[in-house]
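Every read-out reported here was derived from the displayed coordinates using simple, explicitly stated rules and does not represent laboratory data. Every value quoted in this text rests on a predicted model; they were computed, and no experiment measured them. Using ideal geometry, Cβ is built from the backbone for each residue, glycine included, and neighbour counts are taken over all protein chains shown.
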Amino acid sequence: MPDTASPSNALISSQPKVEEFRIDGKLNGSMADVKDTLGKLPFYLLKADGDELDMIKVESRNIGKKPYLFHIIKVRPDGISVVYSLIPDSSVNLRRAYVLKELSAVLSILAEKYTVNQTKFIQYIDSVLESLITGLSETYTSLYNRYDSILTEYRELKRLDIEISASNRNLTLQSAQLTEENKVLKEKLSSLQKYSDESLMALVDEWITVHNSSIDVVEFSKAHSISPTRTEQILDKMVSLGYIELKS
């Protein structure tokens, strides 16, 4: 657990939202067979009551150790419903896609024992994918296009640099100019290749594990060539997501 300042009241009071969807289905065997099959899945807690079976997966907990990120797959003889939490300030579309992936994995395992309404299931998949595709922001698309354009230009200039150097050593001045242009492009590429939030959270998690559940913000920032402010921001996010807890 990192030695950082106490989280803000906003982080403490933030609560995940909950969504639910249902797909009609049909039990082709007994619920006992379904339970035996699903009991082989790791990370899920199964609760059965007659013909009702709940698969519960707690993905993370908040500072109070209560479930924060979770999803519950409810298997019934006439349909399957999924209840799942949404974390504030995170991608709703990505969360829906993740839950859909988990449900698809369960349905593939139950293929011989349980079938769902294929039309409704495919329609739901289509709506999730549509939201995911159209949900990409213009800023992200623009940034990616710029990155792709710069990368293409960089590769082309590098190819020309090699060809010019090999075919005509008298063009030293032109080659030097191209080398300088390559340097500028590398700097631009470097600015586009900073740590993503996910990568930085993985580095923080590894650091905490190695350093006895603590982190020195200044030391960590220096080791990874990032600003302490950036480190503090990612720590705050990890606390809000329930990935880490603060020492009392």
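Using a cut-off of 24 Å between alpha-carbon atoms, which lysines can reach Lys47, once sequence neighbours fewer than 8 places away in the same chain are excluded?
Hits, sequence-local ones excluded: Lys17, Lys26, Lys35, Lys57, Lys65, Lys66, Lys74, Lys101, Lys113.
Over all distinct Cα pairs, what is the inverse of the mean 1/r for region 193-243, reported as the Kirkwood hydrodynamic radius in Å?
Evaluated over region 193-243, this radius sits at 10.9 Å.
Take Tyr84, Tyr195 and order them by how many other Cβ atoms sit within 10 Å, fewest up front. Present the calculation step by step, with values, prior to reporting the outcome.
Values: Tyr84 24, Tyr195 15.
Fewest-to-most ranking of Tyr84, Tyr195: Tyr195, Tyr84.
Between Lys158 and Asp197, 0.36 nm times their residue separation minus their Cα-Cα distance comes to what?
Numbers: separation 39, 0.36 × 39 = 14.04 nm, distance 3.07 nm.
Stretched fully, the Lys158-Asp197 segment lengthens by 11.0 nm.
Can you return the lysines within cross-link range of Lys186? Criterion is Cα-Cα under 18 Å, with same-chain partners fewer than 8 residues away left out.
Lys158, Lys194
What aspartates and glutamates sit close enough to Lys222 to cross-link, taking a C-alpha to C-alpha distance under 18 Å and skipping anything fewer than 8 places away on the same chain?
Asp3, Asp197, Asp205, Glu206, Glu232
Could you check the simple spin-label distance between Lys101 and Arg61, using points 7 Å along Cα→Cβ, in nm with one decimal?
2.5
Go through region 18-56 and name the trypsin sites (Lys or Arg not before Pro) that are in a DSSP coil and have 15 or fewer other Cβ atoms within 10 Å of their Cβ.
Counting only loop positions with at most 15 other Cβ atoms within 10 Å, the trypsin sites (Lys or Arg not before Pro) in region 18-56 are Lys40.
Quick one: Thr134, Thr37, fewest Cβ neighbours within 10 Å first, how do they rank?
Thr134, Thr37
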